[in-house]
Each structure stands twice: as C-alpha cells, then as structure tokens.
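The values are calculated or read from the model by the stated rules, or taken from the named source; none is laboratory data. Keep in mind the model is a prediction, meaning the values are calculated, not measured. In this analysis, Cβ positions are derived from the backbone assuming ideal geometry, glycine residues included, and neighbour counts consider all displayed protein chains. Side chains are part of the model used for accessible areas, which takes the heavy atoms of the whole protein and leaves out ligands, DNA and RNA. Shrake-Rupley method; radii C 1.70, N 1.55, O 1.52, S 1.80 Å.
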Amino acid sequence: MLLRLSARSIRRYTSSHSLSASSFCTLPPMSTSHPKNESYLSAVIPKRIKLFEQIQSHQLEKLKSLPHDPIKITLPDGTVKEGRKWETTPMDIAGEISKGLANSALISSVNDELWDMSRPLEGDCKLELFKFDSDKGRDTLWHSSAHVLGQALEQEYGCQLCIGPCTTRGEGFYYDAFYGDLGLNDNHFPNIEAGAAKAAKEAQPFERVEVTKDQAIEMFSDNNFKVEIINDLPADKTITVYRCGPLVDLCRGPHIPNTSFVKAFKCLRASSAYWRGSKDRESLQRVYGISYPDQKQLKKYLQFLEEAKKYDHRLLGQKQELFFCHPLSPGSWFFLPLGTRVYNKLMEFIKEQYWKRGYTEVITPNMYNMNLWETSGHAANYKENMFTFDIEKQEFGLKPMNCPGHCLMFQHRVRSYRELPIRLADFGVLHRNEASGALSGLTRVRRFQQDDAHIFCTEDQVCDILVSGNVGPPFPPSFVVNVFCLQVTDEVKAVLEFIDYAYKIFGFTYELKLSTRPEKYLGDLATWDKAENDLKIALDAFGKTWVLNEGDGAFYGPKIDITVSDAMNRKFQCATLQLDFQLPDRFKLEYSADDEAKRQRPVMIHRAVLGSVERMFAILLEHYKGKWPFWLSPRQAIVCPISKKSEGYALQVKKQIHEAGYHVDADITDRKIDKKVREAQLAQYNYILVVGETEAATGQVSVRIRDSAAHSVKSIENLLEEFKTKTSEYQ
C-alpha cells in the first residue's frame, strides 16, 4: 500500500535496518530465483481492478449528472480562464496555455491544495501548475514513481505491498513490502527496473476514486498491512484509491498524469524494515529508487552518488582519526582526541551564542523514574524507543530527550511573568533505543548529545520597559513604560535569526516550512489556530521565504521545519523549532500574572540549532569534504623543520602557537621536507609552517596554506594575529 505520509508517520510504521553498501555491510551472493505467489496475484489483482472499475463507473455517472456551470480559473499572473464545473481539468488549462506546458506539467495546485492534472475542477479557483523543476513537481514524480516501483515488485514477486513514500531528504522514494522469507539485494534490481520500464512504456494513466471505509477494506482484504492502516484512519477521513495499470493502491495522492513521465528509473539499494517500527512485528523488504524525466538527469545524479561516496563521513572519520565504533557498544561512538576537538568546538560555538542571546545553561539527570515519562506522554507513545530498567523494584528510563526534565526545573518553584521568557539550554547525554539495523554512522545512533533548549514564555503580555536618557518634558530622565509584547512570535523570530546566523557560518542554505495541525492532535482548534498564526507572524517578520506544509505538525503543536542543503546540494533536517501547548498542561506548569493571584500556563518552545551534535559533525565533515575551516579544524597547523639543525626552533614555534590556544603539531621525523609537506597536506592541516636556519635566525616561519602551492614568510606575531582573526570570524 502506498501512502504519502509525514516523516513522523513513516517512522511510526517502519524502522529500517539497511543491507546496503552504504552501511558497510557486505552482502553474500544471493540467487534471484524465487517462488512467486501466482495464486495470490491471480486472485487479488482482478478483484481489485473489478471493484475499482465499478466504483469509478458509478462516480463518473454521478459526475455527469452534476451541473456543469461556468467557472473562472485564475492563474498566478492574474490571467482568468473560463471553464466548466466538474468538467474542466488542470490539464485542459495547461493545453490552452501551450502544448509544451501540457507535456511537462506534472501536478497542479487548486486553491493551494495539490490536485491531479486530470481531476475536474469543482468551482471558481486559483490554479498553479508545476513541472519537475519545482519541489511540488519533483516530489509528485517521485511519489508516482514509488507506485511504478510497487507495481514492478508486486508483479515480479507477488509480495504484499505496505507503504512507499518520497524520502524525507528529497532524494527519491522507497517501497516497503512483505515477501515472506525472500531477501532482496542488488541482484534483483534488473528485473525490478525492467518491470518499471514496462509500466512507463505503457503510459498507464493514474486514475483516482474515493471509497468508503468498508469498500477499502473489501478491496484490500487480502493484505493485512493495508487493512490495519485503513482501520486506523479517522471515521470522517476521505479515503482515496489510485490505479495505474494492474496496480490498485490505497493512496492519498495526488499523482502525475501517467507513467510515461517516469522516463529514467533506477533502484538504488535494498534494506530490511520492521512493520510499524516494532522488532516484534513482521520483517519487510524496502527498495529505494530514484527517477527523473530524462536519462541525462539520472546519469548526473548517479555520478553525484559516486562522488559523494568518496566523502562518506565514516571513511573520512577513519582516515582522519576522528572517531570509531566498537561492536561492544553499537550505536555509541568513540570520539578520538582529534574528533573530540571538533565536537567540543561545535558546542563552544553554540555556548558563545547562548551567552549573547540570553540562554541559561543547565544540567539535568540522565535517568528518571518512569512516572515522569507517564506524565509527559512518552511512556505511552515512545517507550519502545527508550532504554528502561528496574532499580529497587521501580522502573526507570534513560532520557531520550530533555523537555520533561526542563518542565521539572520550571516547576520547582513559583514563577512570575517578570521572569519570562526563561531559556533553558542543555547538552545532556541522550539515549534512544534504535533498532540495530537502523544504525547508520553518526547520523543514526543510540547515544548522542544535542544543543537542546526550551523556552518558556507567555503567549503575549504587557512588558515593563525601562527608558533611560533625557527624552524631554514631560518625561523624567528615567521612567518605565508599558509595551504590549508578543513573546511567542518574538522568541520564534529570535530562534530563526540564531539558526540563520549559524548556518551562514557553516555555509549552508536552507528552506523553511510551517507544518500545521495533523489529523491526530491534542488540544482544541482555537489554540492550534492561534499557535499557527503566531508562527506565521514570526516567519513573515523574519523575512525569508517559507512554504506551508499542511498536516505535518507534531501532535502537540505546530512547528517550523528547517531543511539545510550542503555543498553537494543534499538535504538534511537538523534544526527544529516547535510550539508546545500540551506539555506545560500535562505538567501543570504555571506562572503568576501581573495580577499576582492569577495563574497562567506558559507556552513552551522546543528548539535546536545543530540538532544532534553527532549528526551535525557527520554532515559538516561531508559538507567540507574533510577540509575543515581553520576555526573548527582539529589540525590547525604543523611545523616542519627542514633539517635537524632547525628542530629546536620548530619545537619553540610549536610551543608559542600551542600557548596561544591553537592545535599545532611538529613533524621532527627524518623525512625530506617535500615528503613532510605532502603528508601534512594529505592530513588536512590548514597551515604548514616550514622552518630552517634562516627562519630560526629571523624569528619567522615560511607559511604554506592547505591546497595552495604559494607560500609567504611571516613573523610569529603576525601569524598568530591571522589565526586570531580567522577564529573570531569563523573562517
């Protein structure tokens, strides 16, 4: 079954444990021969198609009976097109504009709702059309390509399809399915790709019908995975089913016009996954794929993948002696001295900003009685991802996050509105019980730290502002004025500015999405509407472009998703910014208002800039391709004496640089100077300082910069001043 789900929902349904080369596991050769469940296919496929066609016929007849009144369709440039209600489609409008647009438009937006190109319009509307060069067009092609993949898998292996969304990093799609005992690997890919090519060649249209819950269960009664999800859908949820060729699948949609738009298709890797993320449930097989509208773009992407392999953080980390993992502690990484330098520097960078931006750093316990997690809701919703154990007949858990502990800290004494906002920052160690197969380098771990902070603030309040200076009559030299403050929006804007500052230093570009109320949520609609509006005001005040991401908020509040792009244009989600009205309520947090007898609930903002320090370390290592900027580098300088006669001076220079606070080494081996310089370049030292008798006599060094053949002569004082400037400017 294919659903377009949020990242959170996907993690709830499956937990992947990779069998791909990217996880550095070597797969044993496997036969591609397999028993296909022909009886399952011969029974299921015709039944689904028959039910689909019956429902489709009924709905088409109903559509014909509806009044086809004239409607006005407004395009982004203000042009108004004429159409007919329940008859005119976005594809019709694209064809009126140009043949080229009709041949390249993949999806439309009707009144800001994504809409199939072949779906009739239902009234006056705003219409926008998207091609592959837009996020909406690209994601729709990949979503539809997952259907093409699912069709190939079902036809080739007779498997039970589960879910198959776009990947959250914007790099293609995958499909999970149940195959019994069959394990997929690269040897199976040619057959799968042949099935996908066949589907694309047939230009199968994507057709949509709406079904009742009973109809959906009847249609997919042979697949328990699908029935389970159907039963979990809200009673008032509109259920849609799509068909392309022999594939009939439960899906929210929308989709591209037909399969011929998938002109270039490639399977990337195979992995295993647990149904609903539980190791106690069925083991599934997951196939990842990528697709493009032409072979040229696919070829370019595959070349990019080969290039990216050279800079995998696990390879670079080993080569640069930064970190390693041991089987006696899977998912918990050892940071060697050089890696610890980078790790600490990242935290120091954030701590410096905390000082400037009014955060207070705190330390909280690593483990808590499970009563805390009952109060927070994690015991009910997150316990399987926690490490739990018994102490003196009571159950405890290692903390997977800091927010409940910060609630206790806020709660431990009476708070006044004059104290707010309170910004509590915590680098405490966190543990999450990830499935062993889901572990992946530093990006998916069990033990980590993050630049976690929680801001407790008012929704809005009247603030006392002290004004100093002789403003003139009738005001005294100093006086207090009352100003109406929107604390939530001000705090959110300040966090966005913090993120922007940090990501500019790292050289990242980023995108902002406002994720709104999901289908399953806590609290009342009025609170949600106000929270979403507060975030909109803050985003507008921040001044950067942002887009709406409907229905992907957390169950306890809306959030702003920040997706960064690195030097290789790969997308990652690191920073987070979430509004939470529920946790303060669960912990009964209160502060006294300006009327001291009145108690009010604070609003809680969850935020992180780096996110997991381990994950950010990995992203930066690959982003810089192992060439750390000076301020962050674990190997900032090395002194290379030309001969034995200058070794003493080399060690003196090393001592001066070390005492100034920089990471410096000295190569006093008996190798030739050219060899020393070459080794230093390969080790990614930012500065290579060559000294001989001349430099010793003048108190100078010959300076070579990494990746540059040019060199200059500097005094130690001037060199240290240069180091100071680079460090202060984060270069």
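Seen against the Cα atoms of the chain and their longest principal axis, helix 337-357 is set at about 80 degrees.
How much of the calculated P(r) for region 536-597 lies past 12 Å, in percent of all Cα pairs?
On the way: 1478 of 1891 pairs.
More than 12 Å apart: 78 percent of the Cα pairs in region 536-597.
Classify region 163-257: rounded, prolate or oblate, from the alpha-carbon gyration tensor (a ≥ b ≥ c, eigenvalue square roots; a/c under 1.5 rounded; otherwise prolate if a/b is larger than b/c)? Intermediate results must be reported in sequence, preceding the final value.
Values: a/c = 1.79, a/b = 1.41, b/c = 1.27.
Prolate, since a/c reaches 1.5 and a/b exceeds b/c.
Put simply, the convex hull of the Cα atoms in region 521-656 casts, on average, a shadow of 15.0 nm².
In square nanometres, what is the average projected area of the Cα convex hull of region 582-637? Each step should come with its number before you reach the end.
Numbers: hull surface 28.1 nm².
For region 582-637, the mean projected area of the Cα convex hull comes to 7.0 nm².
When the charge dipole of the chain is built from unit charges on Cβ atoms (+1 for Lys and Arg, -1 for Asp and Glu) and taken about the Cα centre, the candidate among HIS188, ILE668, PHE130 whose Cα reaches farthest toward its positive end is ILE668.
Taking the C-alpha atoms only, the angle from helix 189-201 to the longest principal axis of the chain is near 50 degrees.
When the Kirkwood radius is taken over all Cα pairs of region 639-731, what Stokes-Einstein diffusion coefficient follows at 4 °C and 1.567 mPa s, in µm²/s?
Working: Rh = 13.3 Å.
D = 98 µm²/s.
Pairing the Cα long axis of helix 295-309 with the longest principal axis of the chain, what angle in degrees results, from 0 to 90 and rounded to the nearest 10? Tilt of helix 295-309: around 40 degrees. Computed log10 I(q)/I(0) for the chain at 0.05, 0.08, 0.10 Å⁻¹: -0.32, -0.79, -1.14, from the Debye equation with unit scatterers placed on every C-alpha and solvent omitted. Distance from the alpha carbon centroid of region 241-268 to that of region 52-124 works out to 20 angstrom. Going Cα to Cα from LYS296, which lysines come in below 16 Å? Please leave out same-chain ones fewer than 8 positions away. In chain and number order, the partners are LYS263, LYS266. Magnitude of the charge dipole for region 321-380, about its Cα centre and with charges confined to Cβ atoms of Lys, Arg (+1) and Asp, Glu (-1), is about 220 debye.
Placing +1 on each Lys and Arg Cβ and -1 on each Asp and Glu Cβ, with no other charges, gives the chain a dipole about its Cα centre of roughly 1840 debye.
For ASP451, the amide hydrogen comes within under 5 Å of the amide hydrogens of VAL609, LEU610, GLY611, VAL613, counting only partners 5 or more places away or on other chains and with H modelled in the peptide plane. A viscosity of 0.890 mPa s and a temperature of 25 °C, combined with the Kirkwood radius over C-alpha pairs in the Stokes-Einstein formula, give region 244-342 a diffusion coefficient of 137 µm²/s.
Would you mind computing the Rg to Rh ratio of region 317-388 from its alpha-carbon coordinates, Kirkwood style for Rh?
On the way: Rg = 17.3 Å, Rh = 15.7 Å.
My calculation of the ratio gives 1.10.
Take every Cα pair under 8 Å whose residues are at least 6 apart in sequence, average their separation, divide by the length of the chain, and the relative contact order is 10 percent.
Using a 1.4 Å probe over the heavy atoms of the protein chains, calculate the carbon and sulfur portion of the accessible area of the chain as a whole percent. Kindly include the intermediate steps, with their values, before the conclusion.
Numbers: 17150 of 33720 Å².
That fraction is 51 percent.
Each peptide among 152-159, 71-78 gets the average number of other Cβ atoms lying within 10 Å of its residues, and from highest to lowest they stand as 152-159, 71-78.
Treating each Cα of region 131-207 as an identical point scatterer and summing with the Debye formula, the log10 of I(q)/I(0) at q = 0.14, 0.15, 0.18, 0.21 Å⁻¹ comes to -0.48, -0.55, -0.77, -1.01. Quick one: grab the alpha carbon gyration tensor of region 247-292, order the square roots of its eigenvalues as a ≥ b ≥ c, and give me rounded if a/c is under 1.5, else prolate or oblate depending on whether a/b is larger than b/c. In terms of gyration-tensor shape, oblate. Only one residue of TRP373, LEU161, VAL492 has its Cα farthest out toward the positive end of the dipole of the chain, where Lys and Arg carry +1 and Asp and Glu -1 on Cβ, and that residue is LEU161.
Taking a sphere under 9 Å around the Cβ of LEU512 and counting the other residues whose Cβ falls inside, with K and R at +1 and D and E at -1, yields a net charge of 0.
Taken one residue at a time, the phi angles of region 379-390 give Karplus couplings (6.51, -1.76, 1.60, θ = phi - 60°) of 4, 7, 10, 9, 4, 5, 9, 10, 8, 10, 6, 9 Hz. Gly and Pro are set to x. Taking only the Cα atoms of region 298-438, the ratio Rg/Rh comes out at 1.07, with Rh defined as the Kirkwood radius.
Suppose the Debye formula is applied to equal point scatterers at every Cα of region 77-116; what is log10 I(q)/I(0) at q = 0.18 Å⁻¹? With no solvent term, the Cα-only Debye profile gives -0.52. Close amide-amide hydrogen proximity is noted between ALA264 and TYR292, ASP294, each under 5 Å apart and 5 or more residues distant or on a separate chain (H modeled in the peptide plane; Pro and chain starts excluded). In the full protein context, the chain carries 46 Å² of accessible surface per residue, based on a 1.4 Å probe and ignoring ligands, DNA and RNA.
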